[in-house]
Amino acid sequence: MADLTITADLLTRGSRRNCYPIPSTGMVFFGIRGLKPELPIDTTFAASRAGNFTPVDFRRMNCTLGQWKVDTGEIAVFPGSTVPSLPNIIRAKEQGGSGTNMLMLGRYEYEKGIHKPSKPGGHRAFRQATFFPVWRTVDNLTFDLSDKLDLGSDSGDFVWDNLHSAYTDSLDGAYSSAGCQVVCGLPRSAARDNQPETGPWRTFVENAYALQQNRFVYLLFSAEELALLEKAENAKDMAQVVRFGSSGQPVKDVQTALAGKGILQSEADGEFGRDSLRALMAFQTRSVGPAVADGVCGANTAALLGVTLPTLSKAKPAPQPSQPTPAPTGSTAEPEDETDLDEATLQRLRVLILGLSGAQPILTTTMVVTPPPHPTTVVAPPHPTIGVAPPPPPTTVVTPPPHPTTVVAPPPPPAQSAAERSRANFERAQALIKEFEGGFVDDPRDPGGATNFGITHTTLANWRKRPVTTQDVRNMSYEEAKDIYFSEYWSSCACGGMPGPLALPVYNVAVHAGPGRAADFLLRSLNQNGASLTGGNKIDDVMLAAVTKAPIPDVISDFIDLYEAKLRAHPNFAHFKTGFLRRVNKLRTESEKWLAETGGDQPVTPTPRLDDEREVTVTTKEDLLAELMKILGPAATLPGITTQPSVTPPPAVTSQPGVAPPGSAMPQDQADAIAALLRQILGSGAGQPGLTPVNGALGETIGKMLDGRKSFIGIVGALLSSLLSPGAAGALSPLAALLPGALGTILSSAAPVLLPIFLALSAWGGLGKLDKYAAQQK
């Protein structure tokens, strides 16, 4: 017997309990997390459909997606997943939670559109049409209330969690999702030579695309909630709850209570959206702690707010939303999934190629550099002393008798590294931020709650990864606050890669209004001064490159103008006016002072890149080559070769600053040759599903694993094998000499064996491409 029977009545009760407005006609999509269809291959419409409880494990599709014909009450269910797949979760955890998410239970909307339109795997699907709040995990490989709820920088900040095919038509196969809702089946795409959709996905997409309807409401439930509504004898006496997507009088009552406590600043309009969810989370965090803050106003939270939620028997239908849907203002970049060759690796390879080929400037290798002392924090509120870089040492007069007086200038001090310059600029900016943010406060009009040094109760709890009390906030040291500021605001906004005078206002807005807002203001300021950037929810290397070409004084002025306009639009501007305007004026003064010290110019440095922690780094050519070897290392590993125990390396060769020791770099022509070939290879894109006879010659498993990668691995492997091959009298090649310990000797010995293998793989890849071309012409 099935665990749950899905009917139109059950979906109606679920919507009524959550105060979800549902249309009176047309088709509605729904998802049930933790429930698998009892008959997964039966995707026809019926009065009822059954399902069984199944734990969500992120490995298999253990959820149900469905379509509900509101006019007739018929239901169709499809096997799929409402949670991301494990490989993407693993990758996101390594990147601080970015790139993968899990959609919060609630009411959402999709519209017809193309998923991944610029990629071979792109296909007709359903695009995110409203704002989605999502969970991000950084501590483990699952999602719980200790994780971060991402509410974006504004209501138009879309994560682009679409509804698309799972890229597999096997019910037990590994599916692909970085947070999107997916249905079992293969898409119709260029990667599959435009073959028809397969599996349940084909029925799902054909059902919806056959309608004139363009936009679809999507209701995401948990299996437990629907089971409770189905089994409970007194379900009609259950109270309603308010959560994301709810509307109606219960929502207005909750909003009014939150506004009365000074947490919700916007109007109580009866529609529970992004601002209301943020306010509710802040109230729950303050009242019961972050470990139990779930963003749902049930009986317990309602009691704390002094609100009485009606029972289902007395509930009225939720009204349809009246507010216009915000257009997306963030990046429309397509979310990744593991059906593509790792996009992060491809992007990193492109950066490496630019560096190796000289298209992107890089620093000269410096083997010996004496770093300057760690910068001293200078804080003296209310007027902090702003440190100024000391002038060059005065000219020293040396008079060696009996010769005439000779003027000899000592060598200049060593230049700061990118990291050292970033830290020095941070210390200067932070001195001003400390003046703005002050010490411990607990203003009821501030939705952040208890705050110390500008660090809110919630931010501190997230940083420590455990619940904290108001007393914990009060007792937090300034050094810990600085660590939080440097990691979560300065580094996350890549302020170290900007001129100091610009980094100051960017950092200030990141602290005051969030990194997303800072990125948006910077993008808009750059575009007002000649750039043509899109996106804006994160500061990336493209935006940093635009900074190097922009008129910095004008960008700073426009950026602070945007900040001031945002503050003046604050609902409680009259209350905070004095502090707000003092902050703006001080920001202008200090930025102009910093500009005057630098003459408005930023020292010419290589175009910065962002590492996984979003800290800006600048890399030498030898470092780039070493990283390229690290990325390509797995492809060049010969089965059966084991690494020998490491031996003590010879003493390091000391050379003059700016001069590399002999044998430490590849010959320029070899590096350029690799860069040119890699550019050509990477330009062709990643491998995709769909095997031709040549590509599948060694079986489907090996074929899919190597599809689109054979030429890449073969050509690069052959090049590296030739460069690793020993020279005369068995001498190590310059490339092998770069590798640590015995690894260079081992690979140098293996290179003559590896070379024909990689050449054969290259030939197979070439034949495979011809086979694909022939298939496309048929």
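In this structure, is PHE244 aromatic (Phe, Trp, Tyr), under 25 Å from THR308 (Cβ atoms), crowded, with 23+ Cβ neighbours inside 10 Å and modelled with pLDDT of 95 or more?
So PHE244 fits the description; yes.
Residues that are in a helix (DSSP H, G or I), aliphatic (A, V, I, L, M) and open to solvent by less than 20 Å² (accessible area, probe 1.4 Å) within region 283-302 comprise just one, ALA302.
Can you go through ALA178, ALA174, ALA191 and tell me which one is assigned to a loop (DSSP other than H, G, I, E, B) and buried (at least 19 other Cβ atoms within 10 Å of the Cβ)?
After applying the criteria, what remains is ALA178.
If only residues of region 119-147 that are modelled with pLDDT of 90 or more and among the aliphatic types (A, V, I, L, M) are counted, the one that is nearest to LYS465 (Cα to Cα) is VAL134. The conditions of being in contact with a helix residue (DSSP H, G or I) (Cβ under 7 Å, 6 or more places away or on another chain) and β-branched (Val, Ile, Thr) are met by THR137. When restricted to residues that are assigned to a loop (DSSP other than H, G, I, E, B) and either over 27 Å from GLN213 (Cα atoms) or not assigned by the TED database to the domain that holds GLU224 (or both), region 28-50 contains 3. Only one of the listed residues (LYS261, LYS231) is out of contact with any Phe, Trp or Tyr (no Cβ under 8 Å at 6 or more places or on another chain) and either in the same structural domain as GLY156 (by the TED database) or surrounded by fewer than 20 Cβ atoms within 10 Å (Cβ to Cβ) (or both). That residue is LYS231. Listed by first and then second residue, the pairs linking a residue in region 563-579 that is modelled with pLDDT of 85 or more to a residue that is exposed (fewer than 12 other Cβ atoms within 10 Å of the Cβ) and not in a loop (DSSP other than H, G, I, E, B), with Cβ atoms under 6 Å apart and 6 or more places separating them unless they lie on different chains, form an empty list. For region 481-490, the count of residues that are in contact with a Pro (Cβ under 7 Å, 6 or more places away or on another chain) and outside any loop (DSSP other than H, G, I, E, B) is at least one. The criterion of at least 2 residues that are in contact with a Phe, Trp or Tyr (Cβ under 7 Å, 6 or more places away or on another chain) and crowded, with 19+ Cβ neighbours inside 10 Å is met by the following helices (runs of 4 or more DSSP H) wholly inside region 492-591: 500-513, 515-527, 552-568.
Restricting region 31-81 to residues that are of a type in the set (Gly, Ala, Ser) and within 26 Å of SER176 (Cβ to Cβ) leaves a set whose member that is surrounded by the most Cβ atoms within 10 Å (Cβ to Cβ) is GLY80.
LYS116: of a type in the set (D, E, K, R) and modelled with pLDDT under 95, yes or no? So LYS116 passes the test. Only a single item in (1) surrounded by fewer than 20 Cβ atoms within 10 Å (Cβ to Cβ); (2) over 20 Å from LEU65 (Cα atoms); (3) aromatic (Phe, Trp, Tyr) is not met by PHE158, and it is number (1). The sole residue among ALA750, ALA774 that is over 14 Å from ILE715 (Cα atoms) and modelled with pLDDT of 65 or more is ALA750. The set of residues in region 165-189 being in contact with a Pro (Cβ under 6 Å, 6 or more places away or on another chain) and at positive phi consists of GLY179, GLY185. For region 194-224, residues that are surrounded by fewer than 22 Cβ atoms within 10 Å (Cβ to Cβ) and assigned to a loop (DSSP other than H, G, I, E, B) total 9.
Taking the numbered list (1) more than 28 Å from the chain's Cα centre (by Cα); (2) surrounded by fewer than 22 Cβ atoms within 10 Å (Cβ to Cβ); (3) not assigned by the TED database to the domain that holds THR44; (4) not aliphatic (A, V, I, L, M) in turn, ASP275 passes all entries but (1).
Pick out the one residue from THR451, THR470 that is surrounded by fewer than 16 Cβ atoms within 10 Å (Cβ to Cβ), in contact with a helix residue (DSSP H, G or I) (Cβ under 8 Å, 6 or more places away or on another chain) and over 20 Å from ASP139 (Cα atoms). Outline the logic, then answer.
Numbers: THR451 fails: surrounded by fewer than 16 Cβ atoms within 10 Å (Cβ to Cβ).
Sole residue among the options that is surrounded by fewer than 16 Cβ atoms within 10 Å (Cβ to Cβ), in contact with a helix residue (DSSP H, G or I) (Cβ under 8 Å, 6 or more places away or on another chain) and over 20 Å from ASP139 (Cα atoms): THR470.
Inside region 422-478, residues that are part of a loop (DSSP other than H, G, I, E, B) and in contact with a Gly (Cβ under 6 Å, 6 or more places away or on another chain) make up a count of 3.
Give me the pairs, please: first residue somewhere in region 196-214 and over 10 Å from PHE78 (Cβ atoms), second residue anywhere and in a helix (DSSP H, G or I), beta-carbon distance under 7 Å, and either six or more positions apart or on two chains. Filtered contacts from region 196-214: PRO196/ARG202; GLU197/VAL205.
If you filter region 303-340 down to residues that are touching a Phe, Trp or Tyr at 6+ places or on another chain (Cβ under 8 Å) and open to solvent by 80 Å² or more (accessible area, probe 1.4 Å), you find that the one that is modelled with the lowest pLDDT is THR332. Of all residues in region 136-151, none are in contact (Cβ under 8 Å) with a residue 12 or more places away in the chain, touching a Leu at 6+ places or on another chain (Cβ under 6 Å), surrounded by fewer than 22 Cβ atoms within 10 Å (Cβ to Cβ) and hydroxyl-bearing (Ser, Thr, Tyr).
The values are calculated or read from the model by the stated rules, or taken from the named source; none is laboratory data. Quick caveat: nothing in here was measured; it's all calculated off a predicted structure. Glycine gets a Cβ as well: all are built from the backbone with ideal geometry, and neighbour counts include every protein chain shown. Areas reflect the complete protein model, heavy atoms only, side chains present, ligands, DNA and RNA absent. Shrake-Rupley method; radii C 1.70, N 1.55, O 1.52, S 1.80 Å.
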